[in-house]
Each structure stands twice: as C-alpha cells, then as structure tokens.
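Heads up, the thing below is written out as structure tokens.
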Amino acid sequence: MVLSKTASNTDVSIHSTFASRYVCNSLPRFQMPENSIPKEAAYQIINDELMLDGNPRLNLASFVTTWMEPECDKLIMDAINKNYVDMDEYPVTTELQNRCVNMIAHLFNAPLGVGEAAVGVGTVGSSEAIMLAGLAFKRRWQNKMKQLGKPFDKPNIVTGANVQVCWEKFARYFEVELKEVKLRDGYYVMDPEKAAEMVDENTICVAAILGSTLNGEFEDVKRLNDLLVEKNKQTGWDTPIHVDAASGGFIAPFLYPELEWDFRLPLVKSINVSGHKYGLVYAGIGWAIWRSKEDLPEELIFHINYLGADQPTFTLNFSKGSSQVIAQYYQLIRLGNEGYRNIMENCQENAMVLKEGLEKTGRFNIVSKDKGVPLVAFSLKDSSRHTEFEISEMLRRYGWIVPAYTMPADAQHVTVLRVVVREDFSRTLAERLVMDIQKVLHELDTLPARVTAKLTAAVEVEENHYHATTIKKTAIELQREITATWRKFVADKKRTNGVC
C-alpha cells in the first residue's frame, strides 16, 4: 500500500518523445484521461518514466530477491492470471503450497509423525506471517486467562529494539503492548537475559530474530529458550517463543545446521520466513509455520464454500496471485539442499570479500558478525569531518544504493552503512563496490566538512560567548549532533511516499 502523497503539487502533463507520434494531446498526471491512447504509447510513456528507477541488482539496501532463472520467470508469467485463493478451481496450485509448507516445516525440524501434515500457510510476506502468528499467540493467551478467571485485556509482547517495523504495526493494530529490550554499544540484538526479566503473566510471547535487519546477527534463541523454561517452572506460566526468521530461515539450516534455533527447542511454537528473501523468490511470498495444530486456535480459521468447495483460510487478505507460490516450489525442487547450501556459501564468501576489502581501507569499523545473514554493516572510524550519510549519498553517483541509518535506542548515536549480499551480488561486484567506496572517500577528503564545520562553528561561538565557563563538547556528543542533523537533512530532502 502506497500512501497517497504526490511527488508534485502541479498537474503538469507527462510527455514522451517516443509516444508523441501516437499522442497528440497531453495526458493529465492525477486524473484519468477522457480518451484512450494506443497500447504502444501507453507502454512507452510508462517505460520512459520507469527508466529513472534505481537498478534492482545494485540496490544493496534490500534483502529481496532480484534475479531468478528464465525457466522460473516463464512459470511465473504462465500463472500470472491465477487467483491463489480459488483452491477448488486451481487444486494443483493449492497442492504446491501444501508441499512448500511441509518442506519448510521439515527444514525447521517440526516434530511431525510419519505421514503427519505440517501446519502452515503461504502469505504475502513475513509481515503478514508475523501478524498471523501474533494473533494466534494473543488468542491462545486470552483463552488461557479466561479459563483462569483473570483479566485478559492487557497483553504484551517482548522483543528487542532492533525488530522490524512490522512488529510495531502488529502491536499497534491489534492492541498489544510492545516491550522492547534496549540495545547498547557493541551489542545490537536482544539480550536474552533482559528479555526473560521483562516477561510477565501478560506476555503472549517473546519474539527472537534470526537475522537482525540492522547487522544480520542471529539472536541467541537457545539461551532464550533455556531461560524461559526455567522461568516458566518457577512461575507456572507457559510463555512461548516466536522466531522471526524472515532473513535467516533459509540461511541457518544450510550454513549452520548445528545451530539450535527452530522447533528443536520446545518453547518455539511458530516461525515465519520470507520466501522472497533468501528463499530466492521475487517479492510477494512469505511463510508462517506452526509447531502443531494446538498452537493455531481453530476459531481463527475461516471456512468458505462459495468458490465451489469448503475451503479453510487463515490470512489477512483474500485474493492474490499464485505465481510466487509456484516460484517457491520451483526453487525448492530445483535447488534442493545442495543448491541452497552452495548459494548461501557463495553469498557468505562474497560478504567476506567485501568485509576484507573495507577493512583494508583502514577507515571503517565492521559492525556485522561473520555468523549470520551474509551482509556487511560498517561505520566510519572517524566521522569528525564526514559522515556515513554523505558516503551513501555519493555512492548513488556510481549507481549503488547503500543505506545509511542510525541504530535504535539506546545505541542511536551509532550510524552504519549496510550492504546486503544476495545471490546476484558477485565477487566482481563486491570488489568494484570497494573501489567505488575508496573513490568516494578520496572525494570527500578533498571537500570541506559540511555539517561538522557548521556544528564546530556553533560550538566555538558558544564558547566565545560564555568564555571559559563553557565545557567543550565530547567526541560522542559531537557525533550525536552530527547524526541528528543528518537524519533531519535526509528526511527533509527525500520526503518520499510512505510504503507499507
């Protein structure tokens, strides 16, 4: 959903050199035209504008897949007109979704008996999957509190401050208090000890992240499980765990099979994963998997029959395309364990190439961990003259989209750049990016410091005004002012449409 905010306040018509041979009259920008235009003209007008978008392959901000094999592209286009929800009309598509659910459940070590079907559903992405999992936790908690005769109007969920915004959406939309474990310098994921301390009788679940958006790090789900097992014994509660494996769910089973984070841990009741990230499918597919039927309350499942047969449904939306489900099944059978393992190992190796190249410059601290999502998050060792935001801005000249952002509370004074290494980010591109970053650093070194100069001047004026009574600002205070100023500068400059 794109919030309706226009990029221009004027109704200037759209012009196209190529389309002008077909279109004699100008087209309005924000209203439907009165008359039809030739299909060639419509295509050319739209194609011309889309040329100004960034190159998806060079969008290093995104975890989302930007390349698939031509054979899978063809399957996607062949199924573009199939509605996923019409299960009676498209029974094979429904069967493919069920196969995907079972394959992923086995990948996550769900405790399934021989011939037992897994419990799960395909979603638009991990955001919808998280909403569904959260609703299941909330309803189970409410039912339990009603049976005990206790209040059930103040549920809460414990997460780290590093969670993706969809968790905040869930909390706000479905009236659940979000209790966040704050971060600290050098530790940018949820501390399991602090999370366990924040749990109370009204906690519907603790959400752990397998692959933090900020630095790719895996949270210690095993330690969290052990702490909650002990706390549940002491209190008589049964606080469960949900694992947000949007980024890491298709990485850990292949790179770190010995890591215990999934249904091998008794308190992990549900897991979400993004098929359109390291599941290697284009945007628009996620998966929610439950440990057992008991963990998904039956009253949340709807049954409809007006499409031809009784159809159970547990989704937040209804109609959607079938292409991404088919594409996920293609990847699972095409690649198998061997193919996924090879791709994830290759991504990790290319991330190490990038990390080593950045370290050789001597200008950056590496914030990401070697064990986690294949990405490199890094910050300047010395940001007294120029900032990470300037590097991000200047890299766009070379076509690279590399985000710069500040960490959440209480590490908001730390600013980082992040490069996500996907399947289509080759070693050659990694080496090229390092060279372009070096060029940007050289250019910045030859320029006067912009924001820092203004801040320093302001400090000097203040010191002159108060003479010797003013205490000079520390380096960390100055860095925080620089970060705050740049955040305001970027926000004021971009003012892009909000996207959900």
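In this entry, residue 188 is excluded by the filter for residues that are surrounded by fewer than 21 Cβ atoms within 10 Å (Cβ to Cβ), farther than 19 Å from residue 137 by Cα and hydroxyl-bearing (Ser, Thr, Tyr). So which residues in the range 157-173 are open to solvent by 50 Å² or more (accessible area, probe 1.4 Å) and part of a loop (DSSP other than H, G, I, E, B)? Listed by number, the list holds a single entry, 164. For residue 393, indicate whether it is surrounded by fewer than 22 Cβ atoms within 10 Å (Cβ to Cβ) and not in a loop (DSSP other than H, G, I, E, B). So residue 393 fits the description; yes. Of the residues screened, residue 353 is not one that is within 27 Å of residue 219 (Cα to Cα) and assigned to a strand (DSSP E or B).
Screening the range 285-308 for residues that are touching a Pro at 6+ places or on another chain (Cβ under 9 Å) and outside any loop (DSSP other than H, G, I, E, B) and picking the one that is least open to solvent (accessible area, probe 1.4 Å) gives 295. Of the residues contained in the range 270-286, none is found to be more than 19 Å from the chain's Cα centre (by Cα), at pLDDT 95 or above and among the aliphatic types (A, V, I, L, M). Of the residues screened, residue 325 is one that is in contact (Cβ under 8 Å) with a residue 40 or more places away in the chain, farther than 21 Å from residue 61 by Cβ, surrounded by 15 or more Cβ atoms within 10 Å (Cβ to Cβ) and touching a Gly at 6+ places or on another chain (Cβ under 7 Å).
Might you let me know whether the range 258-270 holds any residue that is without any contact (Cβ under 8 Å) to a residue 12 or more places away in the chain and either closer than 21 Å to residue 339 by Cβ or open to solvent by 50 Å² or more (accessible area, probe 1.4 Å) (or both)? Among the residues of the range 258-270, at least one is without any contact (Cβ under 8 Å) to a residue 12 or more places away in the chain and either closer than 21 Å to residue 339 by Cβ or open to solvent by 50 Å² or more (accessible area, probe 1.4 Å) (or both), which makes the answer yes. Of the residues making up the range 108-117, those that are surrounded by fewer than 20 Cβ atoms within 10 Å (Cβ to Cβ) and in contact (Cβ under 8 Å) with a residue 40 or more places away in the chain number 2. Scanning the range 133-156 for residues that are more than 19 Å from residue 169 (Cα to Cα), part of a helix (DSSP H, G or I) and open to solvent by 30 Å² or more (accessible area, probe 1.4 Å) yields 140, 142, 143, 144, 146, 147.
Assessment of the range 430-447 against the conditions (touching a Pro at 6+ places or on another chain (Cβ under 7 Å), assigned to a helix (DSSP H, G or I) and at pLDDT 95 or above) yields no matching residue. Just to be sure I understand, how many residues within the range 26-72 are acidic (Asp, Glu), without any contact (Cβ under 8 Å) to a residue 24 or more places away in the chain and farther than 30 Å from residue 212 by Cβ? Residues meeting the conditions: 2. Here residue 184 passes the criteria (1) over 20 Å from residue 268 (Cβ atoms); (2) in contact with a Ser or Thr (Cβ under 6 Å, 6 or more places away or on another chain) except the one numbered (2). Taking the conditions (1) within 20 Å of the chain's Cα centre (by Cα); (2) closer than 26 Å to residue 180 by Cβ; (3) of a type outside the set (Lys, Arg); (4) surrounded by fewer than 16 Cβ atoms within 10 Å (Cβ to Cβ) in turn, residue 410 satisfies each one other than (1).
Selection of first residues in the range 181-200 that are in contact (Cβ under 8 Å) with a residue 12 or more places away in the chain and of second residues that are open to solvent by 20 Å² or more (accessible area, probe 1.4 Å) and assigned to a helix (DSSP H, G or I), restricted to Cβ pairs under 7 Å at least 6 apart or on distinct chains, gives the following pairs, ordered by first then second residue: 181/194; 181/198; 192/223; 192/227; 193/227; 196/227; 196/231; 199/231. Taking the range 76-100 as the range and being open to solvent by 30 Å² or more (accessible area, probe 1.4 Å), touching a residue at least 24 places away in the same chain (Cβ under 8 Å) and within 11 Å of residue 329 (Cα to Cα) as the test, only 99 passes. When the residues of the range 235-255 are filtered to those that are open to solvent by 20 Å² or more (accessible area, probe 1.4 Å) and within 21 Å of the chain's Cα centre (by Cα), the one that is farthest from residue 165 (Cα to Cα) is 255.
Residues checked against (1) open to solvent by 20 Å² or more (accessible area, probe 1.4 Å); (2) without any contact (Cβ under 8 Å) to a residue 24 or more places away in the chain; (3) closer than 15 Å to residue 216 by Cβ:
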{"residue": "375", "(1), (2), (3)": "no, no, yes"}
{"residue": "383", "(1), (2), (3)": "no, no, no"}
{"residue": "398", "(1), (2), (3)": "yes, no, no"}
{"residue": "403", "(1), (2), (3)": "yes, no, yes"}
{"residue": "425", "(1), (2), (3)": "no, no, yes"}
{"residue": "430", "(1), (2), (3)": "no, no, no"}
{"residue": "438", "(1), (2), (3)": "yes, no, no"}
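A single member of 282, 278 is under 13 Å from residue 107 (Cβ atoms) and either part of a loop (DSSP other than H, G, I, E, B) or out of contact with any Phe, Trp or Tyr (no Cβ under 9 Å at 6 or more places or on another chain) (or both), and it is 278. Scanning the range 67-116 for residues that are in a helix (DSSP H, G or I), among the charged types (D, E, K, R) and over 30 Å from residue 55 (Cα atoms) gives 95, 99.
The values are calculated or read from the model by the stated rules, or taken from the named source; none is laboratory data. All values derive from a computational prediction rather than experimental measurement. Quick reminder, even Gly has a Cβ in these numbers, built from the backbone with ideal geometry, and neighbours come from all protein chains shown. Note: areas computed on protein heavy atoms with side chains; ligands, DNA, RNA excluded. Shrake-Rupley method; radii C 1.70, N 1.55, O 1.52, S 1.80 Å.
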